[in-house]
Amino acid sequence: MNEITDLSQRLCTAAEMKFYFSTFMDSKSADAQFLKPNNNCNLDSWVPGCEPGWASSVAPSAKVDLKNAKDIPDRALESQPCCEGFFCPRGLTCMIPCPLGSFCPRAKLNKATGLCDPYVYRLPHGKPNHTCGGADMWASVGTSEEIFCAAGSYCPTNIKKIQCTSGNYCRMGSISQRACFKLSTCNPNTDKQNLHAVGLLLIGALSFILIIIYNCSDQVLTTRYERMAKSREKAARSARETAQARQRWKVAKDNVAKKRAVGLQQQLSRTFSRKTSARGAADVEDTLSQSSASNPQAPTTTNLPLPPSATAKSKKKESELTKMMNSIDDDPDNHEGFHFKIGDKNMKKQTPKNPKLNSRSQIFRYAYGQLEKEKAMEQKNKNLTFSGVISMATDSDIQKRPTIEVAFKDLTITLKKKNIHLMRSVTGKIMPGRISAVMGPSGAGKTTFLSAVMGKITGCHVTGSVLINGKHEPIQSYRKIIGFVPQDDIVHGNLTVEENLRFHARCRLSVDLPKADKVLIVERVIESLGLQPVRESLVGTVERRGISGGQRKRVNVGLEMVMEPSLLILDEPTSGLDSSSSNLLLKALRREALEGVNISMVVHQPSYALYKMFDDLILLAKGGLIVYHGPVKKVEEYFAGVGITIPERVNPPDHLIDILEGIVKPSANVKPQQLPVRWMLYNGYAVPSDMLECLDEAGASAKPPEQNISADISQDKQDQPTSQLLDFSERGTPGIIRQYRYYMGRVIKQRMREAKVQAVDYLILLVAGACLGTLSQVKGDTFGYHGFMYTVIAVSLLCKIAALRSFSLDKLHYWRESGSGMSSLACFLAKDTVDNFNSLIKPLVFLSMFFFFNNPRSTFQENYFILFCLIYCVTGIAYIFAICLGPGPAQLWCVLLPVVLTLIANQGPNDKIGKFLSNYCYPKWALEAFVIANAQRFSGVWLISRCGTMMEYGYNVNNFFRCLGFLLITGIASRLVAFICLITVAKR
């Protein structure tokens, strides 16, 4: 065969190349095999060189402009086989250079098959002397795989193919061999790394780490709290020793004073019995008065003057115990405990005179010192007996809080659309400094009454008026100093008792209150509620056992006590408590009442001792009607006046509730239905017209004029406040930034205690990454499309279900905290911040398996950023489901949504509606980012395959950052929607 000398005359011009590649664009496929007719090869003219693998030349005198993109030159002379390194398509008479990564040798005829190996074209029919030429086509890998450099080999040029050596691997279309990972194995002539050993090592290492986390998750917090407990115990011991020393010193002073008085009496008796002169008596009196004035509390047993030498000697030998006692006597309010070590020759003070209370030990010493003083004061006042209460009420050391008086007039609550009264014509007042008990039979509306007072009624029509301190002001304006204890024990089970109380104290007490005083308040509540033995115990959840039910109930009450409320409403706080625990709780509430707190609580079947500890009783009948509202000590007197006598040895509230239930018939001719009307008439309240028929003749004749004798309740119901959102509590609680810090600390502790659950999540991601990486290998015709699609579905599903725990389990806690004035934004941001940490870790966990088993061409960094954006996006969507739906429906939606959206994202190009909807589906953008990142690493011989795949899926190789931006924007928008739902969706 003649050597080609006119190569430049046989090369395709820009117009011919454009003609060839436009065929793929027009057919929108990378598998086009037939070209359109042109001036050289058509139905009328099929010159030599139009057959595959052959090319012709132009006339020798013709000039060829290779840059001419408009005109195809005439080529019909000297037809010869295509050169090595070039391909000559069927229907064109020129040669096109083969791309990088291809192998284009001269073809040889395979007589067995009749094909020109390694290509798949045949010799022209009817030309037996024709020979095979060169390569004939460059298209997609599915159509022209024979032109691609084979897997396991690399082609530095398009006419040279070299097999990969050991320790290297060569993918299809490679121009060089790549070194295998250090811990992997690569046999000669292989196209992939054997990373199973690496995967097993990673699985073992990560499993070991997860096991450590699973078993040692609480160790960090436990160690920290052990140190804190030692400091606290030391401070408590020091405070007790100081209190005992004060008590002994007081007893010693009293004994000395008694002995001194006895000695003086004896001396005076001896003096006057000797009938001394008046002057001598006067001298004695002067001596005694001078001695008493000079040292009235001197610890001596005689009044005789001592010699100067003896006085000096006694001063020198003054014991250190005496020094300490004198120090305590001079400053009895000192909270620092002992300033001297008894028995140590080198006495020194343990703390400065004016401590700043910066260290933990100083704060604890201050707190426990104050607690010991309060205990001594309570002991002095005989443990809250009547005289003790009077003494404490007049004690100037007891802190007084802002008072809230709540008055309600004609309060009526009606269910919407049903016209059923839950409460009717309720009038009365609850006063500061008093404990009111709300009692009544089941269905009497006790909880409804307190909810109405608190402004928490939903789904009902409320009429009447509620006055705060005699003014028409919304009670929500005082929510920072109002405590509401719900019937259910809404307490964080994965926090300790102390952590629950301390968090509420930090967020709800005044921001100006020193840290030492906040610690004192928390310690006082723990001490008063008897929670000291379980302060470091977890409250407990359904899966993890914690403290007992009674202790949990007391913690529920303590959450409101630590914020030092002015109004405290409790819904059945004694339910589930034994008698001793109930008495302990009432004593703690009694101390709150002494500070001016207005306390009202629903109680079921209190014991007689517990009943006598209340100040006022609000007794409700069925239908929400008041039967009695007044002091406890006048209950029997009032009901005796209406003909109901309470038998001896019977608890009054039990007997009255039995009468209202119809179990016990009253002794007099009184019907239970008449009792609410009799109470209205007794107080001069207006009686609804439909209730007048319940009156008997005596009651009707005793009906007073229709006027309201409660002059302190305003008559004007239309005088509503002009501003509903003002804060009248006068308490500056911490701002959003500080509350965000407090929430962050709490959420981090919760996550650390939930490390076992987190470890399980990571383990599932590891298994999913290994399975998907092994089963979905990257193929050149799809660029890993199907493997990435399964990845999007799996990661979305797993991360959404994990993100549901952030809000679905804490909605009740959020509603309680937000109702008390705590920041919703701080709560949301803290939870999201901690979840974002998971968004950073989970891609690493998944890719540690998927990347090494799947071995895509895209980089680890690119896959990491795509997964991070995907997880950030789906986490925000999961927030919406967790907040708006219950746990069951939320999980169902988290499973269905990724699958449905992925199906929409995979609609064909002819489905216009599906393509339009797919633009708003996050799986489409995540999948496009994965495919683009992988396809960008395919170049040279892969260009036509890459372009064809991009056109088929509707992707743009330049939209990588756009896809990531869409995922991030979706994540941000979903979080905004979730936060709006959080603050607007009402509690069901």
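Laid out as a table, the results:
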| item | result |
| --- | --- |
| Yes/no for Glu543 being at pLDDT below 90, open to solvent by 50 Å² or more (accessible area, probe 1.4 Å), of a type in the set (Asp, Glu) and outside any helix (DSSP H, G or I) | yes |
| Test: residue in the range 440-459 that is of a type outside the set (D, E, K, R) and in a strand (DSSP E or B) | no |
| Residue in the range 223-242 that is closer than 29 Å to Leu847 by Cβ, in contact with a Phe, Trp or Tyr (Cβ under 8 Å, 6 or more places away or on another chain) and either part of a helix (DSSP H, G or I) or at pLDDT 85 or above (or both) present | no |
| Meets criteria (at pLDDT below 90 and of a type outside the set (A, V, I, L, M)) for Gly558 | no |
| Any hit, the range 147-170, residues being under 30 Å from Tyr762 (Cβ atoms), open to solvent by 30 Å² or more (accessible area, probe 1.4 Å) and either of a type in the set (D, E, K, R) or assigned to a loop (DSSP other than H, G, I, E, B) (or both) | no |
| Residue that is farthest from Leu976 (Cα to Cα), among those in the range 903-941 that are open to solvent by 10 Å² or more (accessible area, probe 1.4 Å) and of a type in the set (Val, Ile, Thr) | Ile913 |
| Pick from the range 365-388, criterion surrounded by 12 or more Cβ atoms within 10 Å (Cβ to Cβ) and in a loop (DSSP other than H, G, I, E, B), ranking: modelled with the lowest pLDDT | Leu384 |
| Flag if Val757 is open to solvent by 40 Å² or more (accessible area, probe 1.4 Å), under 24 Å from Tyr864 (Cα atoms) and part of a helix (DSSP H, G or I) | yes |
| Where Cys216 falls short, out of the listed (1) of a type in the set (A, V, I, L, M, F, W, C); (2) modelled with pLDDT under 70; (3) touching a Phe, Trp or Tyr at 6+ places or on another chain (Cβ under 7 Å) | (3) |
| From the options Phe865, Phe860, residue that is touching a residue at least 40 places away in the same chain (Cβ under 8 Å) and open to solvent by 10 Å² or more (accessible area, probe 1.4 Å) | Phe865 |
| Filter pass, Lys831 being at negative phi, buried (at least 21 other Cβ atoms within 10 Å of the Cβ) and of a type in the set (D, E, K, R) | yes |
| Failed item in (1) of a type in the set (A, V, I, L, M); (2) touching a residue at least 12 places away in the same chain (Cβ under 8 Å); (3) not in a loop (DSSP other than H, G, I, E, B), with Ala640 passing the rest | (2) |
| Cβ-Cβ under 7 Å pairs, at least 6 apart or on other chains, the range 909-928 side farther than 28 Å from Tyr864 by Cα and in a helix (DSSP H, G or I), far side open to solvent by 10 Å² or more (accessible area, probe 1.4 Å) and not hydrophobic (A, V, I, L, M, F, W, C) | Gly914/Gln907 |
| Test: Leu210 is in a helix (DSSP H, G or I), under 30 Å from Pro843 (Cα atoms), at pLDDT below 75 and open to solvent by 100 Å² or more (accessible area, probe 1.4 Å) | no |
| Filtered residues of the range 498-518 (kept if touching a residue at least 24 places away in the same chain (Cβ under 8 Å), open to solvent by 20 Å² or more (accessible area, probe 1.4 Å) and either within 11 Å of Met563 (Cβ to Cβ) or touching a Pro at 6+ places or on another chain (Cβ under 8 Å) (or both)) | Arg506, Ser510, Val511 |
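The values are calculated or read from the model by the stated rules, or taken from the named source; none is laboratory data. Model, not experiment: these values are computed from the prediction. We place every Cβ from the backbone using ideal geometry, glycine too, and count neighbours over all the protein chains shown. To get the accessible areas, we keep the full protein, side chains included, count just its heavy atoms, and leave off ligands, DNA and RNA. Shrake-Rupley method; radii C 1.70, N 1.55, O 1.52, S 1.80 Å.
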